[in-house]
């Protein structure tokens with residue numbers, strides 16, 4: 001004997017569907033908040049590896065950062081003006097609880113990690129801004145302990161010349177990387193505002209390490 005489809009059963013069915021949808025959305029949000037999330041590309045600084053309209057997928061639970069890794073960084077918006085003097089001008093020796101990459105996550109962060117929200121775009125000038133930081137995507141050129149020198153447009157790391165050079169040939173720079181410092185640059189050096197201009201970044205500003213990308217509609221892990 002068939003059971004009748006009553007309004008109560010319809011209500012229970014609707015509630016079940018809503019609960020399942022909420023569970024799926026929450027699970028996706030947690031994954032994107034703490035482990036893996038997609039980030040859009042805007043701007044020319046990573047051409048021809050990445051271009052406007054491409055998408056990278058970042059590992060937020062990374063353990064190490066090595067030379068050659070492509071990373072997503074939350075850079076203080078005024079850091080490009082002060083560079084290595086940023087700490088002295090701002091007096092902010094520890095911004096780990098202010099930077100979106102390292103601070104304790106909030107309920108608002110959880111909501112914004114839902115799949116129907118854009119996780120942001122990385123670009124030198126138009127990158128997604130949050131709490132006084134902008135999102136940029138670059139390649140790591142030097143890691144803690146490395147020696148970086150720029151002279152007459154030539155970049156050397158630990159005495160080895162980087163044949164891509166720098167954007168501004170008039171720059172002169174010499175620095176031994178500190179314990180939590182990383183030197184980042186765009187692959188398209190002529191169009192990239194990066195560490196060659198503003199100096200190394202803090203490790204706590206790194207939001208994630210790129211492990212895959214969708215480039216011109218094709219999925220790749222070779223970056």
* To do: Any chance you could list the semi-axes, whole Å, largest first, of the equivalent ellipsoid that the Cα gyration tensor gives for the range 7-215, using √(5λ)?
  => 38, 18, 14
* Inter-label distance for residue 23 and residue 149, nm, one decimal - labels placed 7 Å from Cα along Cα-to-Cβ -> 6.2
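What value, in deg cm²/dmol to 500, does the helix sum -39500 (n - 2.57) over DSSP H runs of n ≥ 4 give at 222 nm once divided by the residues of the chain?
Working: 5 runs with 47 residues, N = 223.
Helices in the chain give a 222 nm mean residue ellipticity of -6000 deg cm²/dmol.
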* **Extension gain, residue 94 back to residue 15 (0.36 nm per residue minus Cα-Cα distance, nm)** => 23.8 nm
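If you take the square roots of the eigenvalues of the alpha-carbon gyration tensor of the range 120-223 and sort them as a ≥ b ≥ c, do you get rounded (a/c under 1.5), prolate (a/b over b/c) or oblate? Provide the component values of the computation, followed by the final result.
Values: a/c = 1.63, a/b = 1.43, b/c = 1.13.
Since a/c reaches 1.5 and a/b is larger than b/c, the shape of the range 120-223 is classed as prolate.
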* To do: Sort 4-17, 49-62 for me by packing, meaning the mean count of neighbouring Cβ atoms within 10 Å per residue, highest on top.
  => 49-62, 4-17
* Asked: Nearest 10 degrees, 0 to 90: what angle lies between the long axis of helix 7-34 and the longest principal axis of the chain (Cα atoms)?
  -> 10
* Structure fact -> Site residue 161, offset 7 angstrom along Cα→Cβ, radius 17 Å on amide nitrogen, limited to the range 134-152, gives 148-152
* Could you please state, rounded to a whole Å, how far the C-alpha centre of the range 144-174 is from the C-alpha centre of the range 121-143? => 21
* Asked: Based on the alpha-carbon gyration tensor of the range 172-223 and its eigenvalue square roots a ≥ b ≥ c, which shape applies: rounded if a/c is under 1.5, prolate if not and a/b is larger than b/c, or oblate?
  -> oblate
* Distance from the Cα centre of the range 18-58 to that of the range 177-211, in angstrom? -> 21
* With labels modelled as points extended 7 Å from the Cα through the Cβ direction, what inter-label distance (nm, one decimal) is found for residue 77 paired with residue 220? -> 3.3
* Asked: Any idea how far apart residue 204 and residue 4 come out in nm if each label point goes 7 Å out from Cα toward Cβ?
  -> 6.6
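Could you list 175, 48 in order of exposure, starting from the residue whose Cβ has the fewest other Cβ atoms within 10 Å? Write out the running numbers ahead of the final one.
On the way: 175 17, 48 9.
Ordered by Cβ neighbours within 10 Å, fewest first: 48, 175.
Where a number appears in this text, it was derived from the coordinates with a stated rule and is not lab data. Note that the structure is predicted; figures quoted are calculated from it, not measured. We place every Cβ from the backbone using ideal geometry, glycine too, and count neighbours over all the protein chains shown.
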